[in-house]
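Taken together, the values in this text are just the output of simple stated rules run on the coordinates, not laboratory data. Owing to the predicted nature of the structure, the values given are computational and were not obtained by experimental measurement. Counting neighbours? That spans all protein chains shown, and the Cβs are built from the backbone with ideal geometry, glycine included.
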Amino acid sequence: MHATFLSLRESAVRLSSEQRRADDPYSKAQCQSDMSESNPSLKERVRSFWQANPCGTKFTDAEMGTRAFYERVEEHRYEKEWHIPAAAGFENAKGLRVLEIGCGLGTDGAQFAKAGAIYTGVDLTDAAVDLARRRFELFNLAGEFRTADAENLDFVDNSFDLVYSHGVLHHTPDTVKAVKEVHRVLRPGGRAIVMLYHRNSYNYRVNIRVLRRMGAHLLKSETGLKVVNKLTGEPIESLRDHAQHLKEDAKSYLAPDEFLSQHTDGAGNPLARVYSRKQAQELFKDFAQTEFAVHFLNKRWLPVVGNLLTRRMEARLASRWGWHLWIYATK
């Protein structure tokens, strides 16, 4: 089974180094270029996408804003991403002033609050802030929420003991500025725990750049849609969204940077980036100490063999080829 996984990965290796540099929008030079292209138009497109698609809402059919809704979202999150509680260190947050950048539905924020943290959650969208605040009210949890831009946080210097951000900062146009803001609002000796998408992952190197690109051509027909659905388990509605974007503008959809964004958080997502450890180290260069960990290998991305993996095998593979790069940075 491990050999099968490796053989899939080797399909990506067949690209020459020159081809990879040409096709990879997140080479060092391109990454720096993208970071300089911060503009209100892109920020507004990011805001509009997440306002219409609050992260996590697609994982349950329960009525939004009800106890059942939040319970099912939480159950799904920690079943699929079972590493999060330990990686985030919720249980160690008692008495800490915690800022979460990108609070989403308040799922992780609730764990900090239950552990006794003095919690503040911010998000770029009103939709997320309203849903997270509702979550805390329903479950009698203490916390403060506000709509805010990660690149321009409305907090004084040295305000927090811990800044946490899971899967958010790779979606903001100027990630460098956002990380500088994390550094600014942390107290000396404070800690940042940030998850960014991992460039040297199976999902990026093989699933997105090879398998999904090959499979994109199947989306042109209903039969092809059903084949992809059967092989990957991706919802047919999601595949139809991708098919529509492909039909409207195939050249744009298949462009490397656009294709990456479309295949991280859903069709229509305007911006996503991936980072190697080296690139993340550069992002967090102002911090006194930086450590890394890699987690999360979505078994659905491994056709046929994925569902046969035990949790132990999954964790072992994820530690090398996982999609989530966790950064632990001390100011």
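Among beta bridges identified by DSSP and lying wholly in the chain, the antiparallel ones come to about 45 percent.
For the chain, the mean residue ellipticity at 222 nm estimated from helices alone is -13000 deg cm²/dmol, where every DSSP H run of n ≥ 4 contributes -39500 (n - 2.57) and the total is divided by all residues, rounded to the nearest 500. The charge dipole of region 49-197, taken about the Cα centre with unit charges on the Cβ atoms of Lys, Arg (+1) and Asp, Glu (-1), comes to about 320 debye, rounded to the nearest 20.
Pairs of Cα atoms nearer than 8 Å and 6+ residues apart set the relative contact order; for region 112-175 it is 31 percent.
Converting phi to 3J(HN,Hα) with the Karplus coefficients 6.51, -1.76 and 1.60 and the offset θ = phi - 60°, region 277-293 yields 4, 4, 5, 5, 4, 5, 4, 9, 5, 7, 7, 6, 8, 9, 10, 10, 8 Hz in sequence order, with x at every glycine or proline.
Within straight-line reach of Lys114, meaning a Cα separation under 17 Å, sit the following lysines at least 8 residues removed in sequence or on another chain: Lys94.
Near Ile84: Cβ cut-off under 15 Å, other residues only, Lys/Arg at +1 and Asp/Glu at -1. The net charge is -4. What the phi angles of region 117-126 give under the Karplus curve with 6.51, -1.76 and 1.60, with θ = phi - 60°, is a coupling list of 6, 8, 9, 10, x, 10, 8, 5, 10, 5 Hz, glycine and proline written as x.
Going by Cα centres, region 197-224 and region 269-331 are how many Å apart? Going from one Cα centre to the other spans 18 Å. In this Cβ point-charge picture (+1 for Lys and Arg, -1 for Asp and Glu), the chain has a dipole of about 1160 debye about its Cα centre. Cross-link partners for Lys177 among the lysines, with Cα-Cα distance under 24 Å and sequence neighbours closer than 8 places in the same chain left out: Lys28, Lys43, Lys278, Lys285, Lys331. Which listed residue (Asn200, Gly190, Val176) has the Cα farthest towards the positive end of the charge dipole for region 143-262, taking +1 on Lys and Arg C-beta and -1 on Asp and Glu C-beta about the Cα centre? Positive-most Cα among the choices belongs to Asn200.
Straight-distance candidates among the lysines for linking to Lys230, with alpha-carbon spacing under 28 Å and chain neighbours fewer than 8 residues away dropped: Lys58, Lys80, Lys220, Lys247, Lys251, Lys299. Only one residue of Pro85, Leu271, Val156 has its Cα farthest out toward the positive end of the dipole of the chain, where Lys and Arg carry +1 and Asp and Glu -1 on Cβ, and that residue is Pro85. Largest mean-square fluctuation among Val98, Val228, Val274, in a Gaussian network model of the chain whose springs join Cα atoms under 10 Å apart, belongs to Val228.
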